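Visitor: Starting off with a structure, shown below.
Values in this text are rule-based calculations from the coordinates and carry no lab data. On a predicted model such as this, the values are computed, not experimentally measured, just so you know. Cβ sites come from the backbone with ideal geometry, for glycine too, and all protein chains shown count toward neighbours.
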Amino acid sequence: MIQKKICMLGASAVGKTSLVKQFVEGIFSDKYLTSIGVKIDKKKLEVDETTVQLMLWDIEGVDRYAGFNPKYLRGAAAAIIVVDQTRTQSFLEGIEICRLVKLEKEIPIFLVANKSDLPKSESWDSAADCGVTSLFELSFSTSAKTGEGVEDMFLNVAKAALNK
Amino acid sequence: MSSNRDSQASQFDENQQMEQLRSLVLGEDCQIVRDVVEESARDLVTNVLTEALHDRQKNDGSVTAVIAPLVEQSVESSVVARKDQFVSYLYPLVGSLVRKSVSSFLAEIIEQTNELLESSLTYKGLKWRFEARRAGISYSQYVVQKTFVFRVEQVLLIHKETGMLLKTVIRDKTQATDGDMVSAMLTAINDFVADSFSPQENELEQSLDEIKTDDFILLIKQGPKAMLVAAITGNPPAGIADKLQLTLESIHQIYNDELNDYDGDSSEFENTEQQLNECLLAQQKENKAEKKKLPWLAIGLLLLGFVGLVTYFSKGWEREGIANDIRTLNAPPGIVLLSSKTCGDKVCVEVLRDPVAQDVSTWISSVSDMDDILLTERSYRSLDERLQPQRLKKVANTFAELQFDPESGVFLGSLSRERYDQFQSMISVILESKSVQVIMDAVKLDEHNVSNTIALNKLANKVRLLPDVPGIVLLSADVCAESVCVEVLRDPDAQKASTWIRDIGSEKRIKIRERHFQAVDERLLPSRLARIVKMYPELVFDSDSLHITGSISVARFQELRTQLLGIPESISVDFLLNDVSVESQSLSERMSDELQLEQYIYDIKATKIRFDVNENQLPDIEIENIKRLGIKLDEIQRLAKNVKQTLFVIIMGTSTSGGTEAYNNKLSLDRANAVMKALIDAGIPSSILRTTGLGVFDRNIDTPKVIFDVVRPLSEENREVQD
């Protein structure tokens, strides 16, 4: 079995923990669990007949005042930057986080626009279309609440981690 | 052109010559070289074979692919062809492996059982259970804390950069934690610590060495590429850290490349298990006092259970044994054992038994007490000839009138028709027809008996028809054996039963059994009164008029009256005693007579009539004595009559010691007779006088004399009572 470390990053309350919870346990809790520092979960996947165990490092919400501990990125095979499509600000913060990650480590970075079950913010599209998506390996739209796109996103991340 | 051709020709020649030279040196088709190489080929290949295989294997791994099937085939054919030899090769190896495995398994089981007993069922165990529950940890964890100075529960080898778990070993598989998660979290915490307490630039990064909780210590050893983490309960000694450090260094040394190139595949670190296992150290607490404490509760319960089980099984075995013994017992004639098995706390025995056969309990008593046996007995008729004597004996008991010889089985005697038929039918059931005939021939049919029985029945009937007699009640009159048995109740004053039946005749054939009772029948009065009055001779009774006449003393009158009042029939006692007169002599007069009589008798006994030596004539000097004696004798006659006594006076003559015995005897008798004659002459009736000669009465006495005694045979009154 191959194990891969994946870091989940993003601004506060974009749904990182909920995404992991949805992926690992298949359930969603409306009650938001505040991440303290880092929360780790694991999940096994089958990718092209290879069993991969993803160690998901759910790193505390990052905002403009507090960065994240770059040591958490050590040994990561990929990073997922989660943004909240109802809050354009979270997207901007995601871009910043992406920059910080790239400074630290050369790994595939995935952009996940969460809360797809809710309507996008008005300025979302204009922000997303400013050509920054090239910073990311791939971008996905997910809903931690309905589970839509979650499996697919993690599967793609796992594939990318394996082929690193 | 020509020069060209020439040069070509010369070149051709050179080539040809070279060819020739080559063939000469190397032989045809390099045969000489080949031969030389072939000659040393073996040595050449031998020298480089191992290296060549190694290089090729390293290059493309094809050696394994080529050799593996060859090895497999060789092993297979060898196993098929030389199975025994293979078995002998493998035997020591497999044997010791199995032994080791089994002994280790057993040791583990014993250890676990011991621990369970020592810690689970004691008071201490219960207390620990309670405390573990209160502390919110599992019982086993609590026991470990209490039992060990320290114990390494789990060792984790973690890839430092990724935080991935490379390998973990756990002591207690049931307490397994998620190594993957622990590794990642530990790495995260370590990163957090390193970041939070970041030192000055260029200084070494801070890292965790130890994490302590109430129950656990996580001892962390950091290496350049990997971390070794030991989860320890208790207080680990310093040596354990060194051990971890050494192990971590050793792993770095061996797995340096794998650690450098780690890409998430932990299988390369499987072989570190042995090294990690060596880190699962433990030290047990030395608690001698507690060690000595035996789990009394458990031992008690176990003993109780054991004793119970042993008792239960031993009882069961005992019963099973009894059931078996009964099965093997030889059944006596007339008993068939159907089954013998244990049922509950008894042994159930089912038998068929002929009524004349031996008692089943007697038969079984040789193997068991009947208290333990539940006997079900059913009757049947056995055909066993050994039972014939018992059957014949039973017949003999029924026919007591026949003589039976148990040895020969022969019956002798005669029977009435009815009894004869009964006898025959009983015998026919027991014996075969041939034997029946033999038996019946010996028994005679007594026709006389028939008429005899009829006669007896008639006689009994006659008894029953006898007229009623006062004081006799007929209870039964039946034919019994050769006579008629009559049972009656009879009043003592009634006539005798034999007199009653005398009128029928044949009284010899009647056997009477009497029982006394008191009848109330006025017809019995004459006999009753006659019996009572007979006790009073001074009275006269007339049975016709029922009159009593005569004179009687006061005391006897009272006595008579009491007796008459006891008569059950109603009659006036005063009327009966109307003609009886009561004498005036009182009781005191009689007593005075008796006292006087005693006094006279005393005097008479003291009287002595002296005789001269060798003389049988009464001396004159004694005449006066004789007169006085005569008066006394008169008196005692009178008094004796008054008190209804009879007296005899014994006159005993004696002699002195001179002369022969016969002479002396005669002389003494003569003297007695002389005295008697003198008394008779004085008017004393000879009927009360008796004489005897005593001979020499006392050798010390020198004066011969006659002495007297008075004897009182039974008085008339007493004599009547005795009659």
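Visitor: B:Thr646 to B:Asp620: FRET efficiency via 1/(1 + (r/R0)^6), r the Cβ-Cβ distance, R0 56 Å, to the nearest 0.05? Don't jump to the answer; show the numbers that get you there.
Guide: Values: r = 33 Å, r/R0 = 0.60.
E between B:Thr646 and B:Asp620, to the nearest 0.05, is 0.95.
Visitor: To continue, here is another question. Counting DSSP beta bridges in the stretch B:325-375, what percent are antiparallel, to the nearest 5?
Guide: Close to 75 percent.
Visitor: Counting only DSSP beta bridges with both residues in the protein assembly as shown, tell me the antiparallel percent, nearest 5.
Guide: Roughly 60 percent of the DSSP beta bridges within the protein assembly as shown come out antiparallel.
Visitor: Right, something else. Going 7 Å from the Cα of B:Arg690 along its beta-carbon direction, which residues of the stretch B:586-615 have the amide nitrogen within less than 16 Å of the resulting point?
Guide: B:605
Visitor: For each of B:Thr147, B:Thr654, B:Thr113, count neighbouring Cβ atoms within 10 Å of the residue's Cβ, then give the residues from fewest to most.
Guide: B:Thr113, B:Thr147, B:Thr654
Visitor: While we're looking at this one, here's another question. Over chain A, what is the mean sequence separation of C-alpha contacts under 8 Å (at least six apart), divided by residue count, expressed as relative contact order in percent? Can you show the working numbers first?
Guide: On the way: 330 pairs, mean separation 45.3, N = 164.
Computed over chain A, the figure is 28 percent.
Visitor: Helix-only estimate, please: 222 nm mean residue ellipticity of chain B, summing -39500 (n - 2.57) across DSSP H runs of length 4 or more and dividing by its residues, to the nearest 500.
Guide: Result for chain B, helices only: -17000 deg cm²/dmol.
Visitor: Over 26 Å between Cα atoms: which of A:Lys4/B:Lys58; A:Lys39/B:Lys243; A:Lys16/A:Lys71; A:Lys102/B:Lys225; A:Lys16/A:Lys44 fall into that group? Please list the in-between numbers first.
Guide: Details: A:Lys4/B:Lys58 29 Å; A:Lys39/B:Lys243 32 Å; A:Lys16/A:Lys71 19 Å; A:Lys102/B:Lys225 23 Å; A:Lys16/A:Lys44 18 Å.
From A:Lys4/B:Lys58; A:Lys39/B:Lys243; A:Lys16/A:Lys71; A:Lys102/B:Lys225; A:Lys16/A:Lys44, over 26 Å: A:Lys4/B:Lys58; A:Lys39/B:Lys243.
Visitor: Can you run phi through the Karplus equation (6.51, -1.76, 1.60; θ = phi - 60°) for the stretch B:215-220 and list ³J(HN,Hα) in whole Hz, with x for Gly and Pro?
Guide: 9, 10, 10, 9, 9, 10
Visitor: What ³J(HN,Hα) values, in whole Hz, does the Karplus curve 6.51 cos²θ - 1.76 cosθ + 1.60 give for the stretch B:530-547 when θ = phi - 60°, with x put for Gly and Pro?
Guide: Those phi angles translate into 4, 4, 5, 5, 4, 6, 10, x, 6, 10, 10, 10, 10, 6, 6, 8, 6, 9 Hz.
Visitor: Take every DSSP beta bridge whose two residues both sit in chain B, then give the antiparallel share in percent to the nearest 5.
Guide: Given both bridge residues lie in chain B, the antiparallel proportion sits at roughly 70 percent.
Visitor: Given H placed 1.01 Å from N in the peptide plane, which residues other than close sequence neighbours of B:Glu153 have an amide H under 5 Å from its amide H?
Guide: For B:Glu153, the qualifying residues are B:Ala231, B:Ile232, B:Thr233.
Visitor: Further question on the same structure: Kindly write out, for the stretch B:498-508 in residue order, the coupling ³J(HN,Hα) from the Karplus curve 6.51 cos²θ - 1.76 cosθ + 1.60 (θ = phi - 60°), rounded to whole Hz, with x marking Gly and Pro.
Guide: Couplings: 4, 5, 4, 8, 4, 4, 6, x, 6, 5, 5 Hz.
Visitor: Would you tell me the mean number of C-beta atoms belonging to other protein chains that fall within 10 Å of each C-beta in B:157-163, as a whole number? Numbers along the way, then the final one.
Guide: On the way: counts 0, 0, 3, 2, 5, 8, 9.
Partner-chain Cβ atoms within 10 Å, mean over residues of B:157-163: 4.
Visitor: Less than 18 Å from a label point 7 Å out along the Cα-to-Cβ axis of B:Leu280: which backbone N atoms in the stretch B:244-258 qualify, by residue?
Guide: Of the residues in the stretch B:244-258, B:244, B:247-248 have backbone N under 18 Å from the label point off B:Leu280.
Visitor: Under 14 Å from the Cβ of B:Thr311, count the other residues' Cβ atoms, weight Lys and Arg +1, Asp and Glu -1, and hand me the total.
Guide: 0
Visitor: Would you mind computing, in nm to one decimal, how far apart the modelled labels at B:Asp698 and B:Glu273 are, each placed 7 Å from Cα along Cα→Cβ?
Guide: 13.9 nm
Visitor: Counting only residues 5 or more places away or on other chains, whose amide H sits under 5 Å from the amide H of B:Leu445 once H atoms are built in the peptide plane?
Guide: For B:Leu445, the qualifying residues are B:Leu415.
Visitor: For a protection proxy built on the mean count of beta-carbon atoms within 10 angstrom, sort B:48-58, A:74-84, B:525-535 highest first, please.
Guide: The packing order, highest mean first, is A:74-84, B:525-535, B:48-58.
Visitor: How much net charge surrounds B:Gly136 when only other residues with a Cβ under 11 Å from its Cβ are counted (Lys, Arg +1; Asp, Glu -1)?
Guide: Numbers: positive: B:Arg133, B:Arg134; negative: B:Glu131, B:Asp214, B:Asp215.
Result for the local shell: -1.
Visitor: Amide H neighbours of B:Val410 under 5 Å, at least 5 residues apart or on other chains, H built in the peptide plane: list them.
Guide: The list, which skips near neighbours in sequence, is B:Asp405.
Visitor: Tell me the relative contact order for the stretch B:385-445 as a rounded percent, counting alpha carbon contacts under 8 Å between residues six or more apart. Kindly include the intermediate steps, with their values, before the conclusion.
Guide: Working: 57 pairs, mean separation 21.3, N = 61.
Relative contact order, the stretch B:385-445: 35 percent.
Visitor: Set the bar at 28 Å for Cα to Cα. Now go through B:Lys627/B:Lys705; B:Lys605/B:Lys666; B:Lys393/B:Lys458 and name every pair that lies beyond it.
Guide: B:Lys393/B:Lys458
Visitor: Further question: What does the highest-first list of B:14-27, B:679-692 look like by mean Cβ count within 10 Å?
Guide: Details: B:14-27: 11.0, B:679-692: 14.8.
Sorting B:14-27, B:679-692 by mean packing, highest first, produces B:679-692, B:14-27.
Visitor: Right, here's the next one. Using a 10 Å cut-off on Cβ to Cβ distances, tally the other chain neighbours for every residue of B:181-192 and report the average as a whole number.
Guide: Neighbouring Cβ atoms belonging to other protein chains average 5 per residue here.
Visitor: Give me the percent relative contact order of the stretch B:522-582, please, defined on Cα pairs under 8 angstrom at least 6 residues apart.
Guide: About 36 percent, as a whole number.
Visitor: Calculated FRET efficiency, B:Ala298 and B:Val149, Cβ-Cβ r, R0 25 Å, to nearest 0.05?
Guide: Values: r = 26 Å, r/R0 = 1.03.
FRET efficiency, B:Ala298 to B:Val149: 0.45.
Visitor: Using 1/(1 + (r/R0)^6) with R0 = 30 angstrom and r between the beta carbons of A:Glu151 and B:Met181, what's the FRET efficiency to the nearest 0.05?
Guide: FRET efficiency, A:Glu151 to B:Met181: 0.90.
Visitor: Moving to a separate point now. Would you mind counting up the charge near B:Asn616? Only other residues with Cβ under 14 Å from its Cβ, with Lys and Arg at +1 and Asp and Glu at -1.
Guide: Result for the neighbourhood of B:Asn616: +1.
Visitor: Which whole number gives the average, over all residues in A:69-77, of C-beta atoms from other chains lying within 10 Å of the residue C-beta?
Guide: 5
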